[in-house]
Amino acid sequence: MIRSYFIIAARNFRKNITFSLINLLGLSIAFALFILLSLYIFSELSTDNHIKNIGNIYCLYEKNDTHIFTAGTFADYVSGRYPEVKQVCRSFIWDGTFFLEDGHFIHFNNFGYVDSNYFKMFDSKVILGNLENALDGNNGMVLTESSAKALFNDKNPIGETVSLEGEYDFVVNAVIPDLPENSSHRVQCYVSIQSLLTLSNALLTNSGNWSVTTFVEIKENSNILTLEEKLSKDLLEEFKRNTNWGLLAYADIYFNTSISGPDEIRRGNKQFIMLFIGIALFILVIACINYINLTTARAGSRAREVGIRKVVGAYKQILIKQFLIESVMLIFISLIMGFLLAELSIGEFNRLAETNLQVKAFYAFPFNIFFIVGAVLLGVVSGIYPAFVLTSFKTVEVIKGRIAKSSEGIFARKVLMVFQFILSLTMIVGSIVIYRQINYVKQVNLGFDKENVIRMKTKDEVSENAQAFKDELLTIPGVEKISFCYGMPGDVGSGMYDVVDGQEIDMRHLQCDHEFVDLFGLQVVSGRNFSGEDGADIGTTYMINEAAVKKFGWENPYEIKIWGFKLIGIVKDFNFQSMHQEVGPLFITYFSNMSQILIRISGANKTEVLDKIEKAWIKMYPEDPFNFEFVDQVIDQQYKAEERLGKVVSYFSVFALVIAFMGLLGMTSFMILQRRREIGIRKVHGGDVSQIVNMLSFEFVKWVIFAFIISVPISYYLMKTWLDKNFTSQVELEWWIFAISGFLVIIISLLTVSIQAYRAAMMNPVDSLRYE
C-alpha cells in the first residue's frame, strides 16, 4: 500500500511538473535559509555553554550604575568570608605584544590577567603541560593552541620565556585548546594577575580603581538573594562607597546589553536573535503558503482522480493518507535539497555574518532527529488542508464533470497570499531602515572630527623620549597635530570615583594632553583648555563635559574639587561612547604617563605620510612593532552588529520576496489556465488584448496593494520600536521608505502577472475554446 502511495505521488509530480517544481524550489530555498539562520541562532543561544559549571558562576556587579567593574581588592575580601562562596577569581583583559628571545613577536588583541584558580573555576582540557599550577606565582602563562602555534610554530613551548613588551617575562606552563567561537571571553592567552603588582600596582591594590572583573562561584543550592544582601552591606562598610552590589549570573552577561563591562568581552543582542527567529519562520511560512495555495488551487484538476478512486472503494481516510504522504515526501525532498543549498551557501553566509559556522553541525544527534520530525510535522500541517479539500468533493458531481468552486477556498488562498506579501514588505522596510540608520550614525555630527586621525600605542611616557618622537613626527609633511592620551572617543574604558560634600561622583575618565581638544575639534564652552606651557596643569586640574554639570546639578561647578584637582574648563557634549547610549558625564585629566598617541594627518597622500610615520617609529622604537588604527574605524566598529544585521535582513528579505513571487507566478499560471475558455469567449466577442490583460492583472495585484496597506502600520511599529530600544539618535521613518517598498513589490507583481496574462490574451481563441 505504502509503495503505491509513493508511485502515485511520483506520477502526480511528473504530470504537474511546473507547479511541482515551483513548490520544490520554493521549499528548498526556504529550508536552506532556515538552516543558515538556525545555525547562527543556535550558536548565539549556546554561547559559553562549554563551561561545565556555568550555572554556579556569577559576577559582582554594581546595580545602581549597572556595571561589572570592581576593585582588585574585592576578591580577597569576599574569598573565605561567606559559606555560600566556593571560590573567587579576578580577570583583567588587555592587549599587548609578546616577544621571544630570537626577536619574533606576536600582538595579542585580548589576553587575560587572571588568578591562579581561574582554570579551577572555568574548567578546560590541557594539550601540553600542567594546568593545575600553571598560573601560580607572578610569571605563569597559559597559551591557547593557536597562540602557541603563532609564537612557536611546531616547537614545544612548555618552559619557554615570553616577554610582554620586552619589559616583563612570563614562562609558558600549559597549552589549552582554542576557546569555542561562541565564547564571550575570546582571549588568546592567560597570564598570572600577580604580575600586575609590578606592571600596574593600582589595578590590584587601589580600592578606588575599578577596572577588574570579579567572578564568584557559588556552592550548590545557595540562596543568592541572601548572599547579595550580605555582600552589598559588607562591601559598603569595608570600602566606604555607597553602592548596591549584586550577583549577575555569568550566563546572563552575554545578552544583557544594559550591563556595561570590559569592551573586550563579546556581547550579543537578544533582539537580533528574536528577529532572526522571526525571519526564519516567516520564510518557511511563506514557502508553505505557496504549497497550500497551489495544491488547493489545483484541486479541480485532481477531482476526477479522487472521484474514480472513491467509486472503486477508496475510503476518505485512505485518500487523506495519500495526500499527506505526497506532502511529507515533497517536504523531505525539499529538506535534502535545502541542506545541499545551505552547504553551497555557508561560505558566503559566514562572510556576511562574520561567523565560522558549519552545516555539518546539524547532521549529528539530536539535530538530525529534530529536522526529520520537523519535516514530518511540517508536511502534515502543510498537507492537511489541501487533503481535506481534495477529498471533500461529491463523487457523483465529480464523475459528471461538475465541480463547484468554493468561494471560501478562493478567499482563503487570497488571504494566505496577502499574508505572504505583508511579511515580505515588512522585511524590505526593515532592510531600508537598518541601512539608513547605520549610515546615519556613521555620518552624523558626533561633536568631534573623527576623520584622518590614527592611534598608536607605546610603552613610553610623555615626559621621556616620547616628546622627541612627537618633534620628529611634526617635521613630516602631512602630519598636522599630535596628542598624547589614554582613551579616545569610542574607547573610553576607564572610570573615576570620588565623594564631594557627601555627593558621590562617578564618571567615565579620559586622560589627554592640551592638544587633544584642538585635534578633535572639541568646543570649550566655559573656562579654558589645558595649558602646555609649563606643565602646571599636569595632575592638578581637570575638565568636564556639559552632561556632568547637568547630572550632578552643580550651580557653580568651578567650586567643585575632585581628587583635589581644580576645574578649569567645560567642553560641549560629544559622543565619546556609541550612539546606543546617551552622552554621559566625562572627567578629563592631564597626566604625564599616557601611552597612546593620536596623529591627525592630511587627507591627501595618506600612504606616503603613513610610510614616513612608520620610519620615524622604527627609528625611535626599533624593538616595537608598528601598529596603528584609524579612529573613525574604531568608532564605526561600535555599530558592526547592526551593520551585519542589515546585510543579513536585506539578503533574506530578497529571498523571501523571490519565494513569494514564485507562489504568485504559480497561482497566476494556474488561474489563467483555468480561465482559458473565458479568455477565448471574450476575444470572440470583441475583447481586445489590453482589456483582458488589465482584467487578469488587477485580479491579483489588488491583493498585493491590500497587503501593502496592511504592512505599513505593522512595519512602522516594529522599526520604531527597534530604533527606540537601540539608538538615542535615529533617522526619521519617512513616508518614502514605505512607498519605495510598496512600489517595488507592486511593480514586480504587475510584471509577473501581466506577462502571463498577455501570453494568454494573445492565444488563438479557437485553441482556447477547444481547451475544455
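The values are calculated or read from the model by the stated rules, or taken from the named source; none is laboratory data. Computed from a prediction, not measured in an experiment: that's the story for all the values here. For neighbour counting, all protein chains shown are included, and Cβ atoms are generated from backbone atoms with ideal geometry for every residue, glycine included. All accessible areas refer to the heavy atoms of the entire protein, side chains included, with ligands and DNA or RNA removed. Shrake-Rupley method; radii C 1.70, N 1.55, O 1.52, S 1.80 Å.
Considering segment 548-619, the qualifying strands (runs of 3 or more DSSP E), each wholly inside and each with 1 or more residues that are among the small types (Gly, Ala, Ser) and touching a strand residue (DSSP E or B) at 6+ places or on another chain (Cβ under 8 Å), run over 566-571.
Residue-level check: of (1) buried (at least 17 other Cβ atoms within 10 Å of the Cβ); (2) assigned to a loop (DSSP other than H, G, I, E, B); (3) not aromatic (Phe, Trp, Tyr), residue 125 misses just (1). For segment 455-465, state whether one or more residues are modelled with pLDDT of 75 or more and in contact with an Asp or Glu (Cβ under 7 Å, 6 or more places away or on another chain). Checked against the condition, which is being modelled with pLDDT of 75 or more and in contact with an Asp or Glu (Cβ under 7 Å, 6 or more places away or on another chain), segment 455-465 yields at least one hit.
Looking only at residues of segment 54-72 that are open to solvent by less than 10 Å² (accessible area, probe 1.4 Å) and in contact with a Ser or Thr (Cβ under 9 Å, 6 or more places away or on another chain), we find that the one that is nearest to residue 367 (Cα to Cα) is 59. Just so you know, in segment 210-238 the residues that are open to solvent by 40 Å² or more (accessible area, probe 1.4 Å) and in contact with a helix residue (DSSP H, G or I) (Cβ under 8 Å, 6 or more places away or on another chain) include one that is modelled with the lowest pLDDT, and it is 238.
Taken as a whole, the condition of being open to solvent by less than 50 Å² (accessible area, probe 1.4 Å), within 33 Å of the chain's Cα centre (by Cα) and either over 26 Å from residue 232 (Cα atoms) or polar (S, T, N, Q) (or both) applies to residue 51. Every condition in (1) farther than 30 Å from residue 161 by Cβ; (2) at pLDDT 85 or above; (3) open to solvent by 30 Å² or more (accessible area, probe 1.4 Å) holds for residue 1 except the one numbered (2). A Cβ distance below 8 Å, combined with a sequence gap of six or more or placement on separate chains, defines the contacts here; from segment 435-455, residues that are within 20 Å of residue 603 (Cα to Cα) reach residues that are open to solvent by 40 Å² or more (accessible area, probe 1.4 Å) and small (Gly, Ala, Ser) in the pairs 448/521; 449/521; 451/603; 452/603. Within the option set 596, 691, 674, being more than 30 Å from residue 722 (Cβ to Cβ), surrounded by fewer than 20 Cβ atoms within 10 Å (Cβ to Cβ) and at pLDDT 80 or above holds for one residue only, 596. Scanning segment 71-127 for residues that are touching a Leu at 6+ places or on another chain (Cβ under 6 Å) and free of Cβ contacts under 8 Å to residues at least 12 places away in the same chain turns up nothing. Out of the residues in segment 528-541 that are of a type in the set (A, V, I, L, M, F, W, C) and surrounded by fewer than 20 Cβ atoms within 10 Å (Cβ to Cβ), which is nearest to residue 449 (Cα to Cα)? In this case the residue turns out to be 538. Return yes when residue 169 is among the acidic types (Asp, Glu), part of a strand (DSSP E or B) and either without any contact (Cβ under 8 Å) to a residue 40 or more places away in the chain or in contact with a Leu (Cβ under 7 Å, 6 or more places away or on another chain) (or both) and no when it is not. Criteria met by residue 169.
When each of 533, 504 is tested for being farther than 18 Å from residue 488 by Cα, of a type in the set (Asp, Glu), at pLDDT below 95 and in a strand (DSSP E or B), the lone residue that passes is 504. Scanning segment 542-577 for residues that are polar (S, T, N, Q) and open to solvent by 10 Å² or more (accessible area, probe 1.4 Å) turns up 556, 575, 577. Taking the criterion of being under 11 Å from residue 36 (Cα atoms), in contact (Cβ under 8 Å) with a residue 60 or more places away in the chain and not polar (S, T, N, Q), the residues of segment 330-360 that qualify are 338, 339, 341, 342, 346, 349, 353, 357, 359. For segment 186-196, filtered to residues that are within 9 Å of residue 112 (Cα to Cα) and of a type outside the set (A, V, I, L, M), the residue that is surrounded by the fewest Cβ atoms within 10 Å (Cβ to Cβ) is 188.
Within segment 637-651, identify whether any single residue is surrounded by fewer than 17 Cβ atoms within 10 Å (Cβ to Cβ), closer than 30 Å to residue 102 by Cα and at pLDDT below 80, and answer yes or no. The answer is no; no qualifying residue exists.
The residues of segment 253-285 that are among the β-branched types (Val, Ile, Thr) and within 29 Å of residue 640 (Cβ to Cβ), listed by number, are 253, 257, 259, 265, 273, 277, 279, 283. Does residue 615 count as surrounded by fewer than 21 Cβ atoms within 10 Å (Cβ to Cβ) and under 30 Å from residue 21 (Cα atoms)? It is false that residue 615 is surrounded by fewer than 21 Cβ atoms within 10 Å (Cβ to Cβ) and under 30 Å from residue 21 (Cα atoms).
Can you work out which of the residues in segment 572-593 that are among the aliphatic types (A, V, I, L, M) and in contact with a Ser or Thr (Cβ under 9 Å, 6 or more places away or on another chain) is farthest from residue 631 (Cα to Cα)? Here the answer is 583.
Here segment 276-307 is the region considered, the condition is being at pLDDT 80 or above and open to solvent by 60 Å² or more (accessible area, probe 1.4 Å), and the residue that is nearest to residue 184 (Cα to Cα) is 281. Checked against (1) out of contact with any helix residue (DSSP H, G or I) (no Cβ under 9 Å at 6 or more places or on another chain); (2) under 14 Å from residue 217 (Cβ atoms); (3) not in a loop (DSSP other than H, G, I, E, B), residue 89 meets all criteria but (1).
The set of residues from segment 536-547 being without any contact (Cβ under 8 Å) to a residue 40 or more places away in the chain, outside any loop (DSSP other than H, G, I, E, B) and not hydrophobic (A, V, I, L, M, F, W, C) comprises just one member, 546. Condition check for residue 525 on (1) part of a strand (DSSP E or B); (2) surrounded by 15 or more Cβ atoms within 10 Å (Cβ to Cβ): one failure, at (2).
Against the definition (open to solvent by 30 Å² or more (accessible area, probe 1.4 Å), modelled with pLDDT of 80 or more and in a helix (DSSP H, G or I)), how does residue 310 come out, yes or no? The answer is no for residue 310. Only one entry of 724, 767 meets the criterion of being at pLDDT below 70 and open to solvent by 40 Å² or more (accessible area, probe 1.4 Å), and that entry is 767. Of all residues in segment 92-112, those satisfying the criterion of being in a strand (DSSP E or B) and either open to solvent by 10 Å² or more (accessible area, probe 1.4 Å) or at pLDDT 95 or above (or both) are 92, 93, 94, 95, 99, 105, 106, 107, 109, 110.
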